[in-house]
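Beneath this line is the structure, given in structure tokens, with notes to follow.
The values are calculated or read from the model by the stated rules, or taken from the named source; none is laboratory data. Owing to the predicted nature of the structure, the values given are computational and were not obtained by experimental measurement. Cβ sites come from the backbone with ideal geometry, for glycine too, and all protein chains shown count toward neighbours.
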Amino acid sequence: MIKLAIIVGSTRKGRFAPVVANWFADRAKQRADLSVDVLDLDDLDLPDRLHGFGEERAPEVALVSPRLAGADAFVVITPEYNHSFPAPLKSAIDWHFTEWQAKPVGFVSYGGVGGGLRAVEQLRQVFAELHAVTVRDGVSFHGAWERFDAEGNPVDADGADKAATTLLDQLVWWGTALQEARAKRPYGA
């Protein structure tokens with residue numbers, strides 16, 4: 001069983017993130033090889049300023065850290081703002097270091113013409129620096145607002161489900177391989 005943490009990266013008022021996140025989390029929860037924990041940054045109220053070196057983490061961060069540390073794999077759900085990802089998502093990532101190490105990260109993105117893919121490309125660089133492994137395939141919704149019906153289901157359900165299955169299969173493979181590797185030989189950066 002792989003413990004998957006789904007991180008909802010948008011906190012913007014009126015955000016579209018819950019539509020995408022609810023759909024994806026439902027797909028992940030249907031699998032017998034995953035246990036799913038959804039961390040919605042809008043609910044977590046993480047500080048936007050990092051603590052100084054040697055200072056204690058804020059209580060809000062202390063509540064999130066064990067959830068990330070206990071995860072075997074991650075999916076980041078992100079919109080694209082100005083060809084990048086949201087600032088609260090970067091802060092949430094930066095509050096942590098070892099929690100990401102030697103674990104796979106997948107992406108579900110959404111936006112306008114770019115579908116969030118420019119945000120994902122930047123996130124790949126960030127996670128590489130944190131010694132995480134980003135999986136190749138992801139899920140992307142171009143013109144996302146027109147890609148979901150009134151009930152929050154993708155208009156192209158077959159295509160979206162196929163993309164989600166591919167992403168989750170890769171996360172399970174990498175999550176299992178890296179979980180076994182960490183148990184055999186702890187990772188040290």
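The table that follows gives values for the structure above.
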| item | result |
| --- | --- |
| Trp174, sole failed condition from (1) touching a Lys or Arg at 6+ places or on another chain (Cβ under 7 Å); (2) under 15 Å from Val76 (Cβ atoms); (3) touching a residue at least 60 places away in the same chain (Cβ under 8 Å) | (1) |
| Checking Phe141 against (1) among the aromatic types (Phe, Trp, Tyr); (2) touching a residue at least 60 places away in the same chain (Cβ under 8 Å); (3) not in a strand (DSSP E or B), the condition it does not meet | (3) |
| Candidate set from segment 117-138 (those that are acidic (Asp, Glu) and not in a loop (DSSP other than H, G, I, E, B)); member that is nearest to Pro79 (Cα to Cα) | Glu121 |
| From Asp48, Asp72, Asp42, residue being closer than 23 Å to Leu178 by Cβ and either touching a Cys at 6+ places or on another chain (Cβ under 8 Å) or of a type in the set (Asp, Glu) (or both) | Asp72 |
| Check on Phe127, out of contact with any helix residue (DSSP H, G or I) (no Cβ under 6 Å at 6 or more places or on another chain) and either surrounded by fewer than 22 Cβ atoms within 10 Å (Cβ to Cβ) or at pLDDT below 95 (or both) | yes |
| Residue match in segment 93-104 (condition: more than 14 Å from Leu68 (Cα to Cα) and in contact with an Asp or Glu (Cβ under 8 Å, 6 or more places away or on another chain)) | no |
| Condition met for Asp37 (within 30 Å of Ala181 (Cα to Cα) and not β-branched (Val, Ile, Thr)) | yes |
| All positions within segment 75-104 that are in contact with a helix residue (DSSP H, G or I) (Cβ under 8 Å, 6 or more places away or on another chain) and under 20 Å from Gly188 (Cβ atoms) | His96, Thr98, Glu99, Trp100, Ala102, Lys103, Pro104 |
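Residue-wise test of (1) farther than 21 Å from Lys13 by Cα; (2) small (Gly, Ala, Ser); (3) crowded, with 19+ Cβ neighbours inside 10 Å; (4) in contact with a Gly (Cβ under 7 Å, 6 or more places away or on another chain).
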| position | (1), (2), (3), (4) |
| --- | --- |
| Thr98 | yes, no, no, no |
| Leu123 | yes, no, yes, no |
| Val135 | yes, no, yes, yes |
| Gly143 | no, yes, no, yes |
| Gly152 | no, yes, no, no |
| Thr166 | yes, no, no, no |
